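Student: Quick one: the structure is below, questions incoming.
Just so it is clear, none of the values below were taken in a lab; they were calculated from the coordinates. Since the model is a prediction, treat every value here as computed from it, not as a measurement. For neighbour counting, all protein chains shown are included, and Cβ atoms are generated from backbone atoms with ideal geometry for every residue, glycine included.
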Amino acid sequence: MKCYSMWKIMLAVALMTPLAAVAANAVVASPTAEIKATVDQVIAVLSDPKLKGANREAERQKLLQKLIYSRFDFREMAKRSLGAEWRRRTPDEQRQFVSLFRDLLEKAYLGRIESYSGERFVYIDEKIDEPYAEVASAIVTNANEEFSIRYRLLRNGEQWKIYDVVVEDISLVNNYRAQFNRILSRSSYEDLVRRMKSKLVDKPDGQRQ
């Protein structure tokens, strides 16, 4: 269950990428409406025969990267994941950490969107407490198994931007914070950064020999 839930975090994170930005003068859509529209459009991209095949992989990855960068609040995600240590870092160190954290997420999750295989998304409820919102939903597998997904969003101008995804009560941010805290408690911030950089040059999961 844990392995499956973590895979669903990967899928949920990857699917939360917009194919079109909200116009600057548009009325802000509800968080649920934005999520549903995004998921529907991304699934359409994954199903597009013109974008399939190994020879189109670079194009797909570049498109997804561009879209993800415009939707996620990586600074908020990085800040929450680093916890109290964030306040001890200089502005330059914070910028470096956000960049490293974003690159780690991209390496861990971006390519795995390809494993989408027809799961259905159900939207249950939303709660808004400006500037924050949470959308409760579920993913239903082809075997009719249902897993809960909660999207946590922060309003940024005319858009709702994601700062956490919780699948089956496993928070992406909390998961990273626990990992980072273990390293910080035994070593140093500098060692954490070194390990993050090392992780970026490792082969992706499934490609290690």
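Student: Between Asn142 and Gln41, how high is the FRET efficiency from 1/(1 + (r/R0)^6) when r is the Cβ-Cβ distance and R₀ = 22 Å? Nearest 0.05.
Tutor: Working from the Cβ atoms, E equals 0.55.
Student: Which Rg and Dmax, in Å, describe the Cα atoms of the range 2-201?
Tutor: Over the range 2-201's Cα set, Rg and Dmax evaluate to 17.1, 49 Å.
Student: Now a separate question. Packing-wise, with mean Cβ within 10 Å as the measure, how do 79-89, 164-174 rank, highest first? Write down the numbers at each step before the final one.
Tutor: Values: 79-89: 16.6, 164-174: 19.0.
Most protected by this proxy first, the peptides run 164-174, 79-89.
Student: Modelling each spin label as a point 7 Å along the Cα-to-Cβ direction, I'd like the Leu51/Ser30 distance in nm, to one decimal.
Tutor: Once both label points are built, they end up 2.7 nm from each other.
Student: Now for a different question. Quick one: compute the contact order of the range 2-201, relative version, from alpha carbon pairs under 8 angstrom and 6+ residues apart, as a percent. Mind dumping the intermediate values first?
Tutor: Details: 252 pairs, mean separation 49.8, N = 200.
Normalised by residue count, the contact order of the range 2-201 is 25 percent.
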